[in-house]
DNA sequence: CAAAGACAGTAGGAAAACTACAGGATGAGA
DNA sequence: TCTCATCCTGTAGTTTTCCTACTGTCTTTG
C-alpha cells in the first residue's frame, strides 16, 4: 500500500487493479487472464495480493468462478469510474488531432485586448520565434489554466491576489476619456464639469461612474451608447458618437494616428489598482515556449509604459 | 500501453502515474522522489517512460525543475480526479468500522415485506446459520446493488426483465380482499357487486381499481382509508376499518389465526404477472453467504405456495 | 569562475511479475 | 457412481521490470 500526496492518501498497487476489474467483470480469473493475455495464475496472484493488501476478501469463491462480495462490488464500482477517467484522458492524449500541438501555445484573453494590443504586436514575435505558434483564444469568460480544455496562459484584467494561478503584472489599466477630433472642433473647452453634456459611450466596465466620482461629481447621469465590449466603444468613439472612457493602452495607436484625441487635453485619467496580468498555472522557465512568450509580453509592456500620458 | 475492457480502452502503466502526479505537484523529480522514498532517477525514468508511451512530452524542462505543459496539465488534472476516487474507495475499504462485515449480509426490501414475511421466518434461518448475520434494510426506495452504500440483495415487487441485476422469482403477488371477521358477521353475503358498499382500504398500489376492472365493473369509486404502506392497510383491516386488497402472502398468518378473513369466501383474487423477486448484482454460488440466504428464501417461497388459495 | 543543484542517461543488482505445474474441490455427463 | 472437465490455490523458477548508484551536462548563484 502506497502513501499518496502528503501522506493523507492511500493507493494500492495500481497495476493490480486492472486484473481486479477484469475479474469482477468476467466472473473468473481464467476469463480475465485470457482478456489480458496472461495466465490464470498471474491474475489470481494479483487479486490475492490486493485482498491481502486490503486485508479483506473481495470475492466469494464459487465452484465455477468468482463473484464479488459486497465490499468488492462497492470498491470495483468506484474503481471502474476512476479507470474510465484515466482511460478517457489517455485516449484523448493519444488521439489528439494536432500532432504539432507541443509547439503551439494557446493564449486566452478578451476580444478587446487581442485586437487592440496583442494582435498588432504578434507578427513581430512570430518573425523572431518561428518555432512557437501562438493561438489566441478570444473569449470574454475566463478559460481554465488546467484540466480539460485548458489554455497555456491567460491575459486578464484584475487585481492581485489571484487564486490558483501564477500571475505577473503586464500593463496598467489607466483609462482616459477619448473622442473623435471632430467632436471637439466647434465647441467650447471641455472639463469634468461639462463633459456630460456630450454623449458618454459606456462599455461593461462602468468606468464613467467612478471617473465622475473621482472628479468630485458623484451621481452624474450617464447617457449615451452602450456596448458590451470595450473595442466596440472605441470604434463608436472613432465614429464621433461620443466620448469613451477606455484604457489608455487600447487607444495609444489611435491617438498617435489622430483618429482619436484626449477629450480633456491630457488632464485627467482614471487610475485603478487593477491592471492586466499574465496568468499561468505555474511559473515557467525562460527557455520554455510559454516562458519566451511571457518574457516578450513583459518587454512589450515595459516598452509602451514610458510613452504613456 | 495496456488494452482495457473489450479493447476499447487504453490504460498506461498505472504505477507510473503516481510518479507523474507527484512530479507535477511538486515541480521536480527530486522532490517527488523524496516524497515517494525513491531516487531521482527512478522517478525520472517513470515519467520518461510515460512520455514515451504517450509519445508526447508532458513537462517543460526548466533549468530548475519541471513545469507541466498544456497536455500535461490537462492530463494530470483528470488523473488527480481518478486517483482521488481510488484513494477514497481504498481508505473506506481499509477503515471500515465493522471488521466482521464479511459475514454480514444486507437485504433491502420494503417495510411491509420485512414485517409480514421476512422477519417472522428469520429466526429459523439464524438458528440454522449462526455464521451469517442478516441485516434488513427496510426502505421503500430501492437501494443500489453495487457502488457506494450498496446492499447484498434486494427483495422487490416487480416483473421481469430487470435491468442491471440478476433476479430470481421468489413469490407470486396475487392479492385477495380481506377484512376483520366482525365486519362480515351481521350483514348480507358479499360479492364483487356489493363489496364497494363497505369501506375499501387502499395502499399505494391502486389494486382496487384493477380488481374491480377484472370483475367487470370498471369505474367503481373507491372510498375508504388510504395508507402509503401495505402493512398499515392490513393493520387497518384487522381493526375492522374496512376491506383491504393485499398480497395473499402477507396475510397468510392472519387468515390462519382468524384475525382476518377472505371477504368473498375465497372466491376472487387479483392475479398479476408481477411478483416478488430476489435481486442481486450477479449470480452467487450456493456456498456463499448470499447464495445460502437465497436458497433458503426460495425454499421458504416454495413451501408456502402449495398452501395458497 | 567555481560551487551547487537539477535533469539525462546507463549499468548492474534487487524486486516484482509471470509461467508452469502440482494439488484439491466441484459439477457435468456417461 | 465414476470419470472428466473446469476452475481456484499454491509454489518454485525464470523472465521482466524496477530501482539504485554513478557519471555527464546544463544553469543559476555567490
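The values are calculated or read from the model by the stated rules, or taken from the named source; none is laboratory data. Worth saying up front: this structure is predicted, and the values here are computed from it rather than measured. Backbone-built Cβ (ideal geometry, glycine too); neighbour counts: all protein chains shown.
Take the conditions (1) more than 16 Å from residue A:73 (Cβ to Cβ); (2) in contact with a strand residue (DSSP E or B) (Cβ under 7 Å, 6 or more places away or on another chain); (3) facing another protein chain (nearest Cβ under 8 Å); residue B:152 misses just one of them, which is (1).
One residue alone among B:256, B:205, B:232 is without any contact (Cβ under 8 Å) to a residue 60 or more places away in the chain, outside the structural domain of residue B:152 (by TED's automatic domain parsing) and in a loop (DSSP other than H, G, I, E, B), and that residue is B:205. Taking strands (runs of 3 or more DSSP E) as the structural unit, those lying wholly within region A:1-90 and holding at least 2 residues that are within 9 Å of chain B (Cβ to nearest Cβ) and away from DNA strand D (no atom under 14 Å from the Cβ) correspond to A:9-11.
The rows are residues; the columns are (1) surrounded by fewer than 20 Cβ atoms within 10 Å (Cβ to Cβ); (2) more than 18 Å from residue A:111 (Cβ to Cβ).
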position: A:189; (1), (2): yes, yes
position: A:226; (1), (2): yes, no
position: A:257; (1), (2): yes, yes
position: A:265; (1), (2): yes, yes
position: A:271; (1), (2): yes, yes
position: A:279; (1), (2): no, no
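Scanning region B:163-180 for residues that are in a loop (DSSP other than H, G, I, E, B) and surrounded by 14 or more Cβ atoms within 10 Å (Cβ to Cβ) yields a count of 4.
Would you check if residue A:42 is in contact with a helix residue (DSSP H, G or I) (Cβ under 7 Å, 6 or more places away or on another chain) and within 16 Å of DNA strand C (Cβ to nearest atom)? Full working, then the answer.
On the way: in contact with a helix residue (DSSP H, G or I) (Cβ under 7 Å, 6 or more places away or on another chain): yes; within 16 Å of DNA strand C (Cβ to nearest atom): yes.
In short, yes.
Scanning region A:191-202 for residues that are out of contact with any helix residue (DSSP H, G or I) (no Cβ under 7 Å at 6 or more places or on another chain), buried (at least 17 other Cβ atoms within 10 Å of the Cβ) and not in a loop (DSSP other than H, G, I, E, B) returns A:195, A:196.
For region A:275-288, taking the residues that are part of a loop (DSSP other than H, G, I, E, B) and in contact with a strand residue (DSSP E or B) (Cβ under 8 Å, 6 or more places away or on another chain), the one that is farthest from DNA strand D (Cβ to nearest atom) is identified as A:281.
Taken as a whole, the structure leaves residue B:291 outside the set of residues that are under 16 Å from residue B:174 (Cα atoms), outside any loop (DSSP other than H, G, I, E, B) and in contact with a strand residue (DSSP E or B) (Cβ under 9 Å, 6 or more places away or on another chain). Screening residue A:72 with (1) under 30 Å from residue B:70 (Cβ atoms); (2) in contact with a helix residue (DSSP H, G or I) (Cβ under 8 Å, 6 or more places away or on another chain) gives one miss only, at (1).
It is to be established whether one or more residues within region B:102-111 are free of Cβ contacts under 8 Å to residues at least 24 places away in the same chain, in contact with a helix residue (DSSP H, G or I) (Cβ under 9 Å, 6 or more places away or on another chain) and either closer than 30 Å to residue B:252 by Cβ or in a helix (DSSP H, G or I) (or both).
Here is the first cut: in region B:102-111, the residues free of Cβ contacts under 8 Å to residues at least 24 places away in the same chain are B:102.
Narrowing further to those that are in contact with a helix residue (DSSP H, G or I) (Cβ under 9 Å, 6 or more places away or on another chain): B:102.
Among the residues that remain, those that are also either closer than 30 Å to residue B:252 by Cβ or in a helix (DSSP H, G or I) (or both) are: B:102.
Among the residues of region B:102-111, at least one is free of Cβ contacts under 8 Å to residues at least 24 places away in the same chain, in contact with a helix residue (DSSP H, G or I) (Cβ under 9 Å, 6 or more places away or on another chain) and either closer than 30 Å to residue B:252 by Cβ or in a helix (DSSP H, G or I) (or both), which makes the answer yes.
The single condition from (1) in contact with a helix residue (DSSP H, G or I) (Cβ under 8 Å, 6 or more places away or on another chain); (2) under 22 Å from residue B:256 (Cα atoms) that residue B:124 fails is (1). When the test is whether a residue is within 8 Å of DNA strand C (Cβ to nearest atom) and over 43 Å from the mean Cα position of the chain (by Cα), residue A:31 does not pass it. Please determine whether any residue of region A:106-126 is at pLDDT 85 or above, under 25 Å from the mean Cα position of the chain (by Cα) and within 8 Å of another protein chain (Cβ to nearest Cβ). The answer is yes, given that some residue of region A:106-126 is at pLDDT 85 or above, under 25 Å from the mean Cα position of the chain (by Cα) and within 8 Å of another protein chain (Cβ to nearest Cβ). When region A:131-147 is filtered for residues that are in contact (Cβ under 8 Å) with a residue 40 or more places away in the chain and within 13 Å of another protein chain (Cβ to nearest Cβ), the ones remaining, listed by number, are A:132, A:134, A:145, A:146.
With the structure loaded, tell me whether residue B:23 is touching a residue at least 40 places away in the same chain (Cβ under 8 Å), more than 25 Å from residue A:143 (Cα to Cα) and either surrounded by fewer than 23 Cβ atoms within 10 Å (Cβ to Cβ) or within 13 Å of DNA strand C (Cβ to nearest atom) (or both) or whether it fails that test. Here the answer is no, as residue B:23 does not meet what is asked.
Here's the yes/no breakdown for (1) more than 26 Å from the chain's Cα centre (by Cα); (2) within 16 Å of DNA strand C (Cβ to nearest atom); (3) more than 14 Å from chain B (Cβ to nearest Cβ); (4) touching a residue at least 60 places away in the same chain (Cβ under 8 Å):
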site: A:251; (1), (2), (3), (4): no, no, yes, yes
site: A:260; (1), (2), (3), (4): yes, no, yes, yes
site: A:264; (1), (2), (3), (4): yes, no, yes, yes
site: A:269; (1), (2), (3), (4): yes, no, yes, yes
site: A:275; (1), (2), (3), (4): no, no, yes, yes
site: A:282; (1), (2), (3), (4): no, yes, no, yes
site: A:290; (1), (2), (3), (4): no, no, no, yes
site: A:295; (1), (2), (3), (4): no, no, no, no
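Within region B:236-253, the set of residues being out of contact with any strand residue (DSSP E or B) (no Cβ under 8 Å at 6 or more places or on another chain) and part of a loop (DSSP other than H, G, I, E, B) comprises B:239 only.
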